[in-house]
Amino acid sequence: MVSTQQEIVGRILRASTKGFTCGTSSRQVDTRHDFGAFVKVPIANDGDCCVIGLIYAVEIKDDQLVNELVMADSVNPNVLLDQRENRMVPVEIDVLNVGYGYRDANGAVINGFHSLPPRPPMSLTDVELCSIYEVFTFTQRYDFFRTVINASDVPSDDLLAAALRYASQAYPENQRYEFMVHCGQHLARMLANDLKRLSHVLALIRPA
Amino acid sequence: MQYPDDSENLDQWFPRDASAYMQAVLPIPRLGVVVGGSLSKGLVVKLDRGQSVEDLAVGRYVVVHGTNKRFFCMINDISLNNTNPAIQSDPPDISDPFLSAVYTGTAAYGTIHVAPMLSIGDDDKPKPVKTIPSHFMEVMNANVEDVNDVFGHEDESHFNVGTPLELDETQINIDLKRLVERSVGVFGKSGTGKSFLTRVLLAGVIAKNQGVNLIFDMHNDYGWEITSENGSSVKGLKQLFSSKVTILTLDVESSRRRNAKFDSEVKIGLDEIEPEDIAQLRVTMSLSDAMIDAAHTLHKRWGDSWIRRLLKGNVDDIEEVAENTPIMSGTLLALQRRLERFERWDFLVAETPEDSVERIVNLLVEQQQSVVLEFGRYGNSLEAYILVANYLTRRIHERYIDKVERALGDKAMEPPQLLITIEEAHKFLDPQIARATIFGIIAREMRKYNVTLLIVDQRPSGIDEEVMSQIGTRVTALLDNERDINAVLNGISGAAGLREVLSRLDTKQQAIIMGHAVPMPVVVKTRAYDEQFYASLINANGTGINIDKARKTLGSGGGERRIR
Ligand SMILES: Nc1ncnc2c1ncn2[C@@H]1O[C@H](COP(=O)(O)OP(=O)(O)OP(=O)(O)O)[C@@H](O)[C@H]1O
Ligand SMILES: [Mg+2]
């Protein structure tokens, strides 16, 4: 899932400093668009500064034709396939901003800040999946937990859990458990006054 | 912490040796941080999550690394806390290792309470604490260097008495010069190692020439071979310092039976016993004031032989006294009955060929010998012990005063520092008699006449408060009686914190040392009194057994040399 190659998730449809939505054709949707994946995109008028976000929703919109095909009695399978793959409506991917950082000499965004970016990305900018290194360095600190936990209109508990499971893959196998324990400890401190929520999130990230 | 920073260098990211990597990124081990507290009540330290409360113990040393100073503290309480009390009603499932690792140290954590005792600033000199470290300063386990900075190294006046808790590789060196300068108390329940500990202290004083000792050895614990509780036998002081220790005995028979060497026998003349000596037995022999008055009267009328004459109990004699003095014959008869037991004590004789007091003073002052007076079977009779100890001490003390006064302040002419060891000290220093007895006087006059006490006792609460307050160094093994603990801690700063520590010492071979001879209270695991200990004395700063023998054969070691 996480890889070192440059992998485009989509292009910006709408954006704000809090988050953005990017779109891609339905043909492209795959593991790059997993719930909880880390993505990055340069912000407006600054090629070096990238916002880092978490995918929290992937939406496949309907249109008139789809509505009709759904109602139709019998449809030629080729028409269905064609309609599924060559739709004119993009798949929308919603991203929650959790930090930003600057590219290093190799183009990697490492040692980012766990706070919202100064500006949003511009429309149609390419959104990329973060590399394994970027995920590793970004998750050395836990400050972005709070952004996720406090985000409204986002399934924050599930998102955080998914993001952490995703991030753990960036760690060598023998360090994953420890990483999860550290994350859990940080959560335990953050959610100390909401023990029900804490135990729920812990149940979600608990390594098998 | 250092993170990999080169995204092209895979080795840096995922090193082959993962444990080395983890070590490199983990912070240095520490106990926790200061989160609150006060100078009077001590500091509260929140434990880091890696620290298990189970690995800690009261009495252990910790060091708070402040901005400019190190604060030396002793753990005196350990508690469990949580950030949200609701967790108590719905505790997490700790059998799950993941949940256990997450919750412990975060939502539920340990705190320790530590009492700051000393601080060391830039000048490396330990000073009493007058302030506390600020918030969130790091708290570490004390290391060897920390302990050495406080207690110094072993040298001609510092003597190793044991190791601090959990720090076996280091040692606590007490200042013997300061130890003997004021009275010393060794306390603890029966069987906690008081006699062993006292022997360690005495051996130190003798080895390092910090003074001479007079030991009233109630249970034959100090002179020659001693059988320990586990059946093995350990060496007495005479065996360790053959030329610096003289054993006198009151009971030759017992010494022979025990196969214990002794240098000579001590006898006390009945005619030398004065009414003042009898008065010291007031509590032990339940003598009334009237009986003591009677003793004085008899002494006046009959002279030195008053005891012998009373014991003979001639009816005419008794009547004569009753008629001519305000003393009732009933009182006389009661006194006579009390003193009858003197006849069973073979060390009391009508006349003595030589003056035992003179002999002991000569040994102590001229020959600079430590003297162990073994009581043999008389150790079981408290009356005999008290009578003899008081009798000798009163007279030796007089001579000491005389010698010190004649020296006119010239230290070189003064007699050597004398440390007198007594057991069952509360019988001598009971509040009812402490004011009048010689031991009370010595304790109170402090070091004026170069005589101090080493009192060994299992019931310090029975000792007069004023006398206790004059005890410079208190060494105490486990005590469990509340009143005894109070008595020992009375007047010690930071005592509240030591209470928990004191009542939780091991039942053997552990003690808190506090007061004059140590810069701060410290819990020690007492040095084992064994072959290794004996051997160390030989090497102790060139003052051990071998050198001693050499000196003796060379015929030096005369009276001019001063133990200082
Ligand atoms: N420093 C030590 N080295 C070796 N053994 C020790 C030491 N301290 C205590 N012990 C062991 O503990 C036993 C009891 O010690 P000790 O006789 O000194 O106790 P005590 O406090 O004097 O008892 P009591 O009040 O009955 O006189 C000893 O016989 C010995 O086996
Ligand atoms: Mg004893």
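Restricting the stretch B:165-262 to GluC sites (Glu not before Pro) that sit in a DSSP loop and have at most 13 other Cβ atoms within 10 Å of their own Cβ leaves B:GLU169, B:GLU229. Placing unit charges on the Cβ atoms of the charged side chains and taking the dipole of the protein assembly as shown about its Cα centre, the candidate lying farthest along the positive direction among B:ASN486, A:LEU187, B:VAL212 is B:VAL212. Counting only Cα atoms, the stretch B:325-434 measures 54, 35, 32 Å along its principal axes, largest extent leading. For the stretch B:62-75, backbone phi angles converted through the Karplus equation (6.51, -1.76, 1.60; θ = phi - 60°) give residue-by-residue couplings of 10, 10, 9, 8, x, 5, 10, 9, 9, 9, 8, 10, 10, 5 Hz, Gly and Pro being listed as x. Amide H contacts of B:ILE420: B:LEU214, B:THR452, B:LEU453, B:LEU454, each under 5 Å away and 5 or more positions distant or on a separate chain (H built 1.01 Å from N in the peptide plane; Pro and chain starts excluded). Computed from point charges on the beta carbon alone (+1 for Lys and Arg, -1 for Asp and Glu), the dipole magnitude for chain B about its Cα centre is near 920 Debye. With all pairs of separate Cα atoms included, the stretch B:243-323 yields a Kirkwood hydrodynamic radius of 15.2 Å.
Spatially, the stretch A:154-182 and the stretch B:222-274 are offset by 75 Å when compared through their Cα centroids. In units of the compact-protein estimate 2.2 N^0.38 Å, the stretch A:21-130 shows a Cα radius of gyration of 1.33. So what does log10 I(q)/I(0) come out to for the stretch B:87-206 at q = 0.18, 0.23, 0.24 Å⁻¹, using the Debye formula with one equal point on every Cα and no solvent? Log10 I(q)/I(0), no solvent term: -1.09, -1.40, -1.44. Between B:ASN362 and B:ASN143, the modelled label-to-label distance comes to 5.8 nm, taking each label 7 Å out from Cα in the direction of the beta carbon.
By a 1.4 Å probe calculation restricted to protein chains, B:SER228 has an accessible surface near 20 Å², given to the nearest 10.
Computed 3J(HN,Hα) for the stretch B:462-470, one whole-Hz value per residue from the Karplus formula 6.51 cos²θ - 1.76 cosθ + 1.60 where θ = phi - 60°, is x, 8, 3, 4, 5, 5, 4, 5, 8, glycine and proline marked x. When each full DSSP H helix of chain B is screened for a Cα extent of at least 20 Å along its own axis and an average Kyte-Doolittle hydropathy of at least -0.5, the helices passing are B:382-407.
For the stretch B:402-546, the gyration tensor built on C-alpha atoms gives an oblate shape. Its axis ratio a/c (a ≥ b ≥ c) is at least 1.5, and a/b is not larger than b/c.
Each of A:GLY10, A:ALA203, A:LEU80 was placed along the dipole of the stretch A:8-205 (beta-carbon charges, centred on the mean Cα), and the one lying farthest toward the positive end is A:ALA203.
Working from label points 7 Å from Cα in the Cα-to-Cβ sense, the B:LYS300 to A:ARG206 distance is 9.3 nm. Magnitude of the charge dipole for the stretch B:245-297, about its Cα centre and with charges confined to Cβ atoms of Lys, Arg (+1) and Asp, Glu (-1), is about 520 debye. With R₀ set to 41 Å, the beta-carbon distance separating B:GLN532 from B:ASP124 gives a calculated FRET efficiency near 0.85.
Cα-based radius of gyration for chain B, normalised by 2.2 N^0.38 Å, reads 1.19.
Which stretch or stretches of the stretch B:49-69 have amide N atoms under 16 Å from the point lying 7 Å from B:ASP506's Cα along the Cα→Cβ direction? Counting only backbone N, you get B:56-61.
Between the beta carbons of A:LEU80 and A:MET122, assuming R0 = 56 Å, the FRET efficiency works out to 0.95 to the nearest 0.05. For the stretch B:268-290, the residues whose backbone nitrogen is under 14 Å from a point 7 Å from the Cα of B:ALA436, taken along Cα to Cβ, are B:274-290. Placing unit charges on the Cβ atoms only, positive for Lys and Arg and negative for Asp and Glu, gives the stretch A:1-118 a dipole magnitude near 340 debye about its Cα centre. Our summary of shape: the Cα atoms of the protein assembly as shown have principal axis extents of 146, 59, 46 Å, ordered from largest down, in whole angstrom. For A:ARG197 and A:ARG14, the difference between the fully extended length at 0.36 nm per residue and the C-alpha to C-alpha distance is 62.7 nm.
The Rg/Rh ratio for chain A, using Cα coordinates for both the radius of gyration and the Kirkwood hydrodynamic radius, is 1.02. At full extension, B:HIS135 and B:ASP317 could sit 57.4 nm farther apart than now, given 0.36 nm per residue minus the alpha carbon distance.
Both the radius of gyration and Dmax for the stretch B:10-151 are 17.7, 55 Å, in that order, over alpha-carbon atoms. Given R0 = 60 Å, the distance between the Cβ atoms of B:ASN380 and B:THR83 translates into a calculated FRET efficiency of 0.45. For the stretch B:103-212, chymotrypsin sites (Phe, Trp or Tyr not before Pro) are listed when DSSP marks them as loop and at most 11 other Cβ atoms sit within 10 Å of their Cβ; the list is B:PHE136. How many nm separate the modelled label positions at A:SER26 and B:ALA412, each set 7 Å beyond the Cα in the direction of the Cβ? So the label points at A:SER26 and B:ALA412 sit 11.3 nm apart.
As I understand it, the dipole of the protein assembly as shown uses +1 on the Cβ of Lys and Arg and -1 on the Cβ of Asp and Glu, about the Cα centre. Which of A:PHE35, B:VAL144, B:SER356 lies farthest toward its positive end? In the protein assembly as shown, that residue is B:SER356.
The values are calculated or read from the model by the stated rules, or taken from the named source; none is laboratory data. Since the structure is predicted, the reported quantities are computational estimates derived from the model, not experimental observations. As a convention, Cβ positions derive from the backbone with ideal geometry for all residues, glycine included, and neighbour counts pool all protein chains shown. For the accessible areas, the whole protein counts, side chains as well, though only heavy atoms, and no ligand, DNA or RNA atoms are used. Shrake-Rupley method; radii C 1.70, N 1.55, O 1.52, S 1.80 Å.
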